[in-house]
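To start, the structure under review is shown below, and the notes come after it.
The values are calculated or read from the model by the stated rules, or taken from the named source; none is laboratory data. As the structure is a computational prediction, the values presented were derived from the model and not from experiment. For neighbour counting, all protein chains shown are included, and Cβ atoms are generated from backbone atoms with ideal geometry for every residue, glycine included.
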């Protein structure tokens with residue numbers, strides 16, 4: 001049953017990190033309380049799933065601007081967010097774990113064509129840190 005629990009955690013974390021709602025934190029806490037898996041295993045699976053979900057949003061942004069180059073997010077209401085992301089670059093993706101803003105942040109980073117490897121690193125750090133804090137308090 002362990003492998004199904006970990007697969008469920010991975011899928012929940014992946015879905016939670018795309019533009020779809022999810023509750024991977026609740027599942028992580030539940031599985032950690034059961035004691036069947038080590039916190040390191042749970043952290044690794046949740047971080048991997050959530051990071052890959054964030055990269056999926058990044059890739060969607062990258063693909064959409066490539067596919068539809070005349071589309072623009074340069075409306076005045078988006079200008080402040082865009083200027084912040086341009087200023088901080090891929091480092092802004094450390095906030096990809098934040099509810100509501102994290103998923104669009106990954107999308108916009110891809111749309112702005114921020115470097116893939118740097119984006120991957122900062123997304124993973126942000127997502128991993130969130131799960132580490134949750135597990136630390138259990």
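Tally up the residues in the range 1-28 that are in contact (Cβ under 8 Å) with a residue 60 or more places away in the chain, farther than 14 Å from residue 128 by Cα and buried (at least 16 other Cβ atoms within 10 Å of the Cβ), please.
Number satisfying all stated conditions: 1.
Check residue 65 against each of (1) surrounded by 13 or more Cβ atoms within 10 Å (Cβ to Cβ); (2) at pLDDT 95 or above and name the one condition it does not meet.
Only one criterion is unmet by residue 65, namely (2).
For every residue, the table says whether it meets (1) crowded, with 21+ Cβ neighbours inside 10 Å; (2) within 16 Å of the chain's Cα centre (by Cα); (3) modelled with pLDDT of 95 or more; (4) outside any loop (DSSP other than H, G, I, E, B).
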| position | (1), (2), (3), (4) |
| --- | --- |
| 58 | yes, yes, yes, yes |
| 84 | no, no, no, yes |
| 107 | yes, yes, no, yes |
| 119 | yes, yes, yes, yes |
| 138 | no, no, no, no |
